[in-house]
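Here the structure comes first, spelled out in structure tokens, and everything after it is commentary.
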Amino acid sequence: MDILASLNDRQREAVMTTDGAVLILAGAGSGKTRVITVRIAYLISEKQVPPYNILAVTFTNKAAGEMRERVTELLKGQRLQSAPLVTTFHSLCVRILRQDIEHLSEGYNKSFTIYDTDDSIKVIKACIKDIGFDEKQLAPRQVLNAISGSKNRGEDFELYASQVEYTDEKRAAIARVFKLYEERLNNANALDFDDLMIKTVKLLRTSQEVRDKYNEKFKYILVDEYQDTNPLQFALIGYLTEKQQNICVVGDDSQSIYAFRQADIRNILEFEQHFPNAKTILLEQNYRSTQTILDTADAIIKNNQNRKDKKLWTANPDGDKIFYHQAFDGDGEARFVAQMIDRHRRQNPKDKIAILYRTNAQSRLFEEALRRNRIEYNIVGGFSFYERAEIKDVIAYLKMALNPFDDIALLRVINTPTRGFGKTSLDELQHRAKDFGVSLWETIAIITGLEFKERVNLTPRAIESLKKFKKTIENLQTKVADVSQTDRKVSDVVMAAIEDTGYANMLRAENTDESAARLENLEELVNAAVDYDKQEDSGLRDFIDHAALTSDTDKYDRNAAVTMMTVHAAKGLEFPIVFLVGLEDGIFPHSRSINDPKELEEERRLAYVAITRAEKVLYISHSMRRRVYGEEMAAEPSQFLNEMPLELIHDLSRGSSWLSFAKSNAVKTNKHAVSALRGENRQEKPKNLYTGKTYNSAEAIADFFNKKKVESRESGVESPKPLTGFDKLKAQASQTKSEIPNPKSKIKQGFTPGAHVRHPKYGKGLVLRREGTGDNVKLTVSFPGFGQKKLIEKFANLEKA
DNA sequence: AAGTAAATTTTTTTT
DNA sequence: AAATTTACTT
């Protein structure tokens, strides 16, 4: 088989070890996807395994799509009557549940609805209100995170409740919300993202019959990005492989970046314990990046305590240095990136370029800069097509038609377009629904029913509009039924949900640019539905499921010249040229992770992922000022910059920069750095002399000069020669910077978040936020008993406490 | 009931 | 700065 010829020895071994448990530890760029795809092709064409016996699971639709494509490519020319199932964890679960959820006997049936995060939040909000709490005491988002975390650890609300200390009111409240939330979803015949996994695992655990069925079906299982699996996914794999044990997992512990989703790195680290006869294969040769890029990535990941020590190597050349740029503000950073991209595009238009950032919110400045420079770009993530209001509205109508008990969908559309059924009437309806203990849909049926004579607090007009709404949905249901009974098309039904509900007319009446754009989006939705027209059975169901499970991360277009996305979204991709931007403390690493060593390690792995996306050229940049919540704030260089080998970095900044500062410092005063440069002191971990925090601060400058003194005394070096030219400029620049805090006010000023201070009137307080610069520094301080105060640092007379 | 103005909050990362 | 929620008119 000639496809094997393109593999190295290790890779070939990974492909040909088809039976039993196999763990492939694949470093970044080591040809992981190639190994998986060739392995699937090998199973089919060499081992004569029927394709339907093969299951490959990934985390994203993007990865699944790519894999499917490549397998098809490898197998083309062979006449196969089935295709291997290449899918995501969540799609796999939906597939299983749509067939067998009724075996669970939990009241769910096959027409269950999938709630996305937005829907879940809405339910949570209602639950918080129902237990008599306020959203301010109990942030819905946090509650959902707590519940989701618990669920992904395999707990249920009873277990969660039992862990609550009775002094912990908040957790106790969350436990109550948890219970309510689960009930609501169950009543609505709805499953959230987590439930898809949970219910599937439960189903496999409790039903021998179902377990046997899927064990029989999936005889060879492959799992991609195994380091990102959480306990539930682990359990799922466990049940599916119970019989055959032909399980092949591929992953890299250095690229584990989903701990926040309860991914457990131990799943990969302890694979050999779980599958005692497992064979482990290491792929350490990198085919993607230059040595310089690999060295930089390696230098950063080395700072993590918790990792398997391994080193990637490559036969590729050293390549260019890492290009570095320090910008004055966020806009300057974006302009620099646009300028460099422009240059690359002229030089070599074929090279694909990526701009990678930590958070989606960072994209805006780059979008604007590229647009100004007339550079076309493609943006991945952020707002998804399926997250747009008009799309969600129409989908909600369709969801109603398939599962009318879906309260969330009902609430979404009952008065969109407006039907004269406003907030007051809605409150009454919800109130009644709670009284009856049934869904809103059933409540509507009761209230509008002929034999219902009870007095309701609804105007005749409201009742009338309920009747009309009911009719609208019922009409839609009839059309849905037509899809399976006659040969009505899925796209017809989608069209009906747009037209017959009055939705399109509402938009036409608006007659604005925006409403026109929304109409166009709806046309797109109809187009998307056409793909499902030919499907035999439950085409509409599949269409809705697809909408629920597709994120925008999936619409990566590999032909786009420039792509922007978060580092998370970039995992698994590679680009000749990469711009890693916003390398500032608080952004990357993110401020929410900075205080927890575990989370900081995850940020570091994230940086590792980012850097190893680059094939030939890597740019890194940061800005000295950054807008946060609309206010301009001083920004510090990322601590990860300090962890990179400075000698591999080339400075493209105008004037002096953090890099020039760090370089002069490291070489002149850092014995560790000097000896490390000479190759001594192998064991010793390179200590960070200056973390990003202190660069540019009074202490750093003072420290710098002190060290210099000590060193020159020790080594007997005479005082520095008079500076000339560029060096002089640089020195001047750093002097000006150091001037900001004057020595007298040093104790009083320069308070940073986290500092304890004393105020003449309010007493002891905690600094929460610092904004502005120079004389305009404003501090937000929390004083026990007085609440939060905004103070001008200069006048506040604060002391260190 | 619906539309508008004012106040409040928001940012990790994703299926 | 932008988006969402609430309060206030009409």
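Quick look at the numbers
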{"read-out": "Integer Hz, Karplus 6.51/-1.76/1.60 couplings in order for region A:421-435, x for Gly and Pro", "value": "10, x, 4, 4, 5, 5, 4, 4, 4, 5, 4, 4, 4, 5, 4"}
{"read-out": "Rg and Dmax of region A:384-450, Cα atoms only, in Å", "value": "12.6, 44"}
{"read-out": "Orientation-averaged projected area, Cα convex hull of region A:601-652 (nm²)", "value": "4.9"}
{"read-out": "A:Val456, A:Val628, A:Val337, reordered so the largest accessible area comes first (probe 1.4 Å)", "value": "A:Val628, A:Val456, A:Val337"}
{"read-out": "Gyration tensor over alpha-carbon atoms, region A:551-605, equivalent ellipsoid semi-axes in Å", "value": "26, 12, 10"}
{"read-out": "Sorted peptide list for A:389-400, A:202-213, criterion being average Cβ within 10 angstrom, highest first", "value": "A:389-400, A:202-213"}
{"read-out": "FRET efficiency, 1/(1 + (r/R0)^6) with R0 30 Å, evaluated for A:Glu216 and A:Met16 via beta carbons", "value": "0.75"}
{"read-out": "Nearest-10 value in Å² for the accessible area of A:Met16, using the 1.4 Å probe", "value": "80"}
{"read-out": "Low-density loop cleavage sites - GluC sites (Glu not before Pro) in region A:102-147, where at most 13 other Cβ are within 10 Å (DSSP)", "value": "A:Glu106, A:Glu135"}
{"read-out": "Positive-pole candidate from A:Thr550, A:His568, A:Ala497, dipole of region A:473-591, charges at beta carbon", "value": "A:His568"}
{"read-out": "For region A:165-323, convex hull of alpha carbons as volume per residue, Å³", "value": "206"}
{"read-out": "With every protein chain in place, region A:210-291: carbon and sulfur % of accessible area (1.4 Å)", "value": "48"}
{"read-out": "Paramagnetic reach from A:Val164 in region A:180-205 [backbone N under 14 Å; point 7 Å along Cα→Cβ]", "value": "A:180-182"}
{"read-out": "Principal axes of region A:1-74: Cα extent on each, largest first, Å", "value": "31, 29, 25"}
{"read-out": "By accessible area with a 1.4 Å probe, ligands and nucleic acids excluded, highest first: order of A:Trp658, A:Trp313", "value": "A:Trp313, A:Trp658"}
{"read-out": "Rounded accessible area of A:His590 (nearest 10 Å², 1.4 Å probe)", "value": "50"}
{"read-out": "Compactness index (Cα Rg / 2.2 N^0.38 Å), region A:1-147", "value": "1.48"}
{"read-out": "Two-decimal Rg to Rh for region A:357-403 - Kirkwood Rh, Cα set", "value": "1.22"}
{"read-out": "Spatial extent of region A:300-342: Rg and Dmax, with the Cα atoms as the point set, Å", "value": "16.5, 40"}
{"read-out": "Descending semi-axes in whole angstrom, ellipsoid equivalent of region A:445-535, from the Cα gyration tensor", "value": "31, 21, 7"}
{"read-out": "When each of A:Lys279/A:Lys310; A:Lys47/A:Lys279; A:Lys471/A:Lys534; A:Lys308/A:Lys350; A:Lys110/A:Lys179 is checked by Cα-Cα distance, pairs over 25 Å", "value": "A:Lys471/A:Lys534; A:Lys308/A:Lys350"}
{"read-out": "Rounded accessible area of A:Glu73 (nearest 10 Å², 1.4 Å probe)", "value": "110"}
{"read-out": "Over region A:96-223 - Rg/Rh using Cα atoms and the Kirkwood inverse-distance radius", "value": "1.03"}
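The values are calculated or read from the model by the stated rules, or taken from the named source; none is laboratory data. Every value quoted in this text rests on a predicted model; they were computed, and no experiment measured them. Virtual Cβ from ideal backbone geometry, glycine too; neighbours counted across all protein chains shown. We work out accessible area using only protein heavy atoms, side chains counted, and drop any ligands, DNA or RNA first. Shrake-Rupley method; radii C 1.70, N 1.55, O 1.52, S 1.80 Å.
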